[in-house]
Amino acid sequence: MEGLAGVVTGSDVSANGRDYEHFRTIMAGETNAAIEGAFRAGATAVLVRDSHGGKQNLRPGDVDPRAMLLRGATADPKNMMEGIDDTFGAAVFIGYHAKAGTPEAILAHTSNGNVIDFSINGVSLPEAGYNALVAGLHDVPVVFVAGDRAFVDQARGLFGPVEGVAVKQAVGDGGSLGLSPAAAQDAIRAGVEKAVRGRAAMKPYKLSPPYRMVLKVRKDKPLYGHATRPQAGEAVFVHDDLLEVLNAFNAMK
Ligand SMILES: [Zn+2]
């Protein structure tokens with residue numbers, strides 16, 4: 001939700017924020033633009049995963065009725081990727097933000113305010129990175145990304161030349177300059193159509209097991225399983241199962 005057109009502060013994406021209802025409408029608009037683009041490209045089914053906070057941001061009645069909507073938080077390690085399986089042909093990320101610590105980014109963070117950095121096998125990952133790894137477990141490529149300029153650049157650094165729309169860019173410390181929601185939706189509709197048509201060119205994003213997670217946090221949480229703490233503020237966990245690594249991340253973040 002942080003990477004939607006016009007969003008600039010935390011209150012824009014918080015249920016008690018003054019403009020939250022407005023941004024729920026914009027979220028549905030970008031979602032429906034992506035759905036329309038996918039169907040124009042020949043998709044036979046679309047599943048939407050509401051992935052922000054408590055995951056009840058999209059008003060179900062606002063979503064294109066051709067799509068299925070998965071809403072509500074789960075305890076499953078797939079989390080933001082809940083619902084994906086081997087039957088999917090492509091994944092599309094919209095409304096995304098850059099990882100914690102990214103300069104010139106809007107509302108950059110990784111999962112929550114406690115995480116300083118999350119890496120697997122030496123690759124520092126934004127939420128889009130580990131979500132793409134979950135898609136990769138099912139051999140599903142990420143074919144399109146939308147969010148702020150810093151996020152889109154970050155995604156291309158990880159996934160290669162993925163289709164994308166930067167709906168806004170950071171200005172100074174706390175400002176945002178971007179497309180109108182309508183213009184962003186036009187660009188997302190066209191971009192998703194192109195990306196889904198061209199999905200054969202995109203490879204699933206994968207790292208090789210064993211997965212070595214290094215999690216840097218502001219405040220240490222109890223160690224999960226066989227995790228170790230080389231120094232204060234850092235936890236290391238190694239496992240061959242990516243979902244178990246994500247369980248460790250969720251427990252210690
Ligand atoms: Zn986030």
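What the table shows:
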{"read-out": "Strands (runs of 3 or more DSSP E) wholly inside region 192-253 that include at least 1 residues being within 19 Å of A128 (Cα to Cα) and out of contact with any Phe, Trp or Tyr (no Cβ under 8 Å at 6 or more places or on another chain)", "value": "211-217"}
{"read-out": "Of all residues making up region 99-114, the number that are out of contact with any Gly (no Cβ under 8 Å at 6 or more places or on another chain), within 10 Å of the ligand (Cβ to nearest atom) and under 19 Å from G6 (Cβ atoms)", "value": "1"}
{"read-out": "Residues of region 105-133 satisfying the condition of being surrounded by fewer than 19 Cβ atoms within 10 Å (Cβ to Cβ), closer than 19 Å to V13 by Cα and not small (G, A, S)", "value": "N112, N114"}
{"read-out": "Cross-chain or 6+ apart pairs with Cβ under 6 Å, region 65-88 first and within 19 Å of A34 (Cβ to Cβ), then of a type in the set (S, T, Y)", "value": "M80/S51; E82/T74"}
{"read-out": "Some residue of region 197-206 being in contact with a strand residue (DSSP E or B) (Cβ under 8 Å, 6 or more places away or on another chain), surrounded by fewer than 13 Cβ atoms within 10 Å (Cβ to Cβ), at pLDDT 95 or above and not hydrophobic (A, V, I, L, M, F, W, C)", "value": "no"}
{"read-out": "Among (1) within 12 Å of the ligand (Cβ to nearest atom); (2) touching a Leu at 6+ places or on another chain (Cβ under 9 Å); (3) charged (D, E, K, R), the one test that D117 misses", "value": "(1)"}
{"read-out": "Enumeration of residues in region 13-38 that are touching a Phe, Trp or Tyr at 6+ places or on another chain (Cβ under 8 Å) and within 11 Å of H52 (Cβ to Cβ)", "value": "V13, S14"}
{"read-out": "Residue that is nearest to the ligand (Cβ to nearest atom), among those in region 1-23 that are in contact (Cβ under 8 Å) with a residue 24 or more places away in the chain and buried (at least 20 other Cβ atoms within 10 Å of the Cβ)", "value": "E2"}
{"read-out": "Residue count for region 24-37, restricted to those that are in contact with a helix residue (DSSP H, G or I) (Cβ under 7 Å, 6 or more places away or on another chain) and touching a residue at least 60 places away in the same chain (Cβ under 8 Å)", "value": "7"}
{"read-out": "Pair list, Cβ under 8 Å, 6 or more apart: region 105-130 residue touching a residue at least 12 places away in the same chain (Cβ under 8 Å) and of a type in the set (D, E), other residue within 12 Å of the ligand (Cβ to nearest atom) and part of a loop (DSSP other than H, G, I, E, B)", "value": "D117/K99; D117/A100; E127/H97; E127/K99; E127/S111"}
{"read-out": "Residue in region 26-53 that is nearest to the chain's Cα centre (by Cα), counting only those that are polar (S, T, N, Q) and surrounded by 15 or more Cβ atoms within 10 Å (Cβ to Cβ)", "value": "S51"}
{"read-out": "Qualifying residue in region 88-96 (condition: at pLDDT 95 or above and closer than 18 Å to N250 by Cβ)", "value": "no"}
{"read-out": "Only listed residue being under 30 Å from T87 (Cα atoms), more than 16 Å from the ligand (Cβ to nearest atom), free of Cβ contacts under 8 Å to residues at least 60 places away in the same chain and not hydrophobic (A, V, I, L, M, F, W, C), chosen from E163, E193", "value": "E163"}
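The values are calculated or read from the model by the stated rules, or taken from the named source; none is laboratory data. Predicted model, so just to flag it, every value in this text is computed and none were measured. When we count neighbours, we look across all protein chains shown, and the Cβ atoms used for this are built from the backbone with ideal geometry, even at glycine.
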